[in-house]
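K.L.:
Below is the structure I would like to discuss, written out as structure tokens.
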Amino acid sequence: MWWRSKAVLGFLLPGVMFVCLVTGCGGEPEPTAPVSVPPPADTGARVTICLLEGEEPVEVERTVQGEAPTASLALGQLLRGPTPEEEERGIATAIPAGTALNSFSVEQGVAKADFSKEMASFGGGSALVQAIITQVGRTVTANEPSVTSVLITVDGVPAEQALQP
């Protein structure tokens, strides 16, 4: 056959090699500029807080930018109360406006949360006291799995005394 002849191979082989050399066929791919993929947006910490829907506790997730998720951070979000969107859905809080977190610690499974005197201005009633205790307790335990109990104080006074109905 004609393609097996030495003359044809001697003529075609250098031409094929030249084309491959110029076009890069069979060789390593040419390096390309690196594609710049933007990093994912910082979604921040996700914390869970306990609010109220009617009289029932309801857990709500919040995202806080640039923070590590902790119960202390979650309590800060709890003290802010429901967002306007949550309020439109009927979500509320029993914790009085203006309440601040004085201190928070966890030791051997016991969380201690001390709140400012505004916590005691809830207006009275054992149902409200129970709602406050539930909101704080569930917020802490949702964000600190090692916690087995939560001690609440108001300016250092135990909740049993400071939150009398």
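K.L.:
Inside the stretch 65-75, can you point out the residues that are at pLDDT 95 or above and surrounded by fewer than 19 Cβ atoms within 10 Å (Cβ to Cβ)?
P.N.:
none
K.L.:
Let me ask you something else. Can we say Ala92 is surrounded by 10 or more Cβ atoms within 10 Å (Cβ to Cβ) and at pLDDT 50 or above?
P.N.:
Judged against the criteria, Ala92 is a match.
K.L.:
Here is a list: Thr70, Thr93, Thr148. Which entry is within 12 Å of Ile49 (Cα to Cα) and without any contact (Cβ under 8 Å) to a residue 60 or more places away in the chain?
P.N.:
Thr93
K.L.:
Then there's this: In the list Gln161, Gln135, Gln108, which residue meets the criterion of being under 18 Å from Gln77 (Cβ atoms) and among the polar types (S, T, N, Q)?
P.N.:
Answer to the selection: Gln135.
K.L.:
Another question, then. Using the structure shown, decide if Glu61 is more than 22 Å from Leu163 (Cβ to Cβ), free of Cβ contacts under 8 Å to residues at least 40 places away in the same chain and either assigned to a helix (DSSP H, G or I) or not charged (D, E, K, R) (or both).
P.N.:
Considered against the rule, which asks whether it is more than 22 Å from Leu163 (Cβ to Cβ), free of Cβ contacts under 8 Å to residues at least 40 places away in the same chain and either assigned to a helix (DSSP H, G or I) or not charged (D, E, K, R) (or both), Glu61 comes out as no.
K.L.:
Another one. If I ask for residues that are under 22 Å from the mean Cα position of the chain (by Cα) and small (Gly, Ala, Ser), which ones from the stretch 104-113 would you list?
P.N.:
Residues satisfying the conditions are Ser105, Ala111, Ala113.
K.L.:
Go through Arg80, Arg46, Arg62 for me and flag whichever is within 22 Å of Ala142 (Cα to Cα) and at pLDDT 95 or above.
P.N.:
Checking each option against the conditions leaves just Arg80.
K.L.:
Which one is farthest from Ala97 (Cα to Cα) among residues in the stretch 112-155 that are in a helix (DSSP H, G or I) and among the basic types (Lys, Arg)?
P.N.:
Per the stated criteria, the residue is Arg138.
K.L.:
If you scan the stretch 75-103, which residues turn out to be under 24 Å from Thr153 (Cβ atoms) and either in a loop (DSSP other than H, G, I, E, B) or in contact with a Cys (Cβ under 9 Å, 6 or more places away or on another chain) (or both)?
P.N.:
The answer is Leu78, Gly81, Thr93, Ala94, Ile95, Pro96, Ala97, Gly98, Thr99, Ala100.
The values are calculated or read from the model by the stated rules, or taken from the named source; none is laboratory data. Quantities reported herein were computed from a predicted structural model and do not represent experimental measurements. No Cβ is skipped: glycine too gets one built from the backbone with ideal geometry, and neighbour counts run over all protein chains shown.
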